[in-house]
Amino acid sequence: MARGSSALKLWAISYLTTAVAAMTGGTYHGLFGILGDVGATILWEVTVYAIGLTSLTMLAASVTTVVAPGRRIFWIVPIVAKFVVFAWWMSHHDAFVYVIADLALAILGIVVLHAWHSLRTGDKAHVRVIVAMLIAVAGAVLQQWKLSLHAHFDHNDLYHMAQIISLIVLSRALLAMRA
């Protein structure tokens, strides 16, 4: 991946939207009782749409990374349409399960794209992308199981630690692709 490439820009945007989602989601959960209805609603919606944008940009970055330029449009249009449907749906629904479903669909697409590319080219950096996605999924599963290691380190903390590790592994994969 060349410096300044579209793929690299999309990966960078996905990290930014992930950071926004983490910041607003953490603030929502940490300060819910003192935010008031309007503040809580704003933070929740920013969190939801930031995660939706992360889903969009990570999947688009994967396509831009592994699909030939002339064929990308056939992938990008449905990805953007998925985000538009997600945004419309979330404007009418509040349950986080829909956010999880959208992100799970994106992760599945990312894993398939990078597995296909790695098998086709032998480039092991793409296996690291798959590992990063599987770590993120494992963290989500542990969170849903409500697994806690300590009274002060609950299932949400465990999930966020897995997310951090996933982002580190993903960063290492992206750096390996640039080498």
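Taken as a whole, the structure leaves Thr65 outside the set of residues that are without any contact (Cβ under 8 Å) to a residue 40 or more places away in the chain, assigned to a helix (DSSP H, G or I) and crowded, with 20+ Cβ neighbours inside 10 Å. Out of Thr54, Thr24, Thr47, Thr18, one residue alone is within 30 Å of Leu175 (Cβ to Cβ) and touching a Gly at 6+ places or on another chain (Cβ under 8 Å). It is Thr47.
Residue-level check: of (1) open to solvent by 60 Å² or more (accessible area, probe 1.4 Å); (2) under 21 Å from Val112 (Cα atoms), His29 misses just (2).
So, in the stretch 10-25, how many residues would count as being open to solvent by 40 Å² or more (accessible area, probe 1.4 Å) and either of a type in the set (S, T, N, Q) or free of Cβ contacts under 8 Å to residues at least 24 places away in the same chain (or both)? Residues flagged as open to solvent by 40 Å² or more (accessible area, probe 1.4 Å) and either of a type in the set (S, T, N, Q) or free of Cβ contacts under 8 Å to residues at least 24 places away in the same chain (or both) within the stretch 10-25 amount to 4. When Leu53, Leu35 are screened for being touching a residue at least 24 places away in the same chain (Cβ under 8 Å) and open to solvent by less than 70 Å² (accessible area, probe 1.4 Å), only Leu53 passes.
The values are calculated or read from the model by the stated rules, or taken from the named source; none is laboratory data. What you see is a predicted model, and the numbers here were worked out from it, not measured in a lab. Note: ideal-geometry Cβ built from the backbone for every residue, glycine included; neighbour counts use all protein chains shown. Accessible surface is based on the protein model in full, side chains and every heavy atom, while ligands, DNA and RNA are left aside. Shrake-Rupley method; radii C 1.70, N 1.55, O 1.52, S 1.80 Å.
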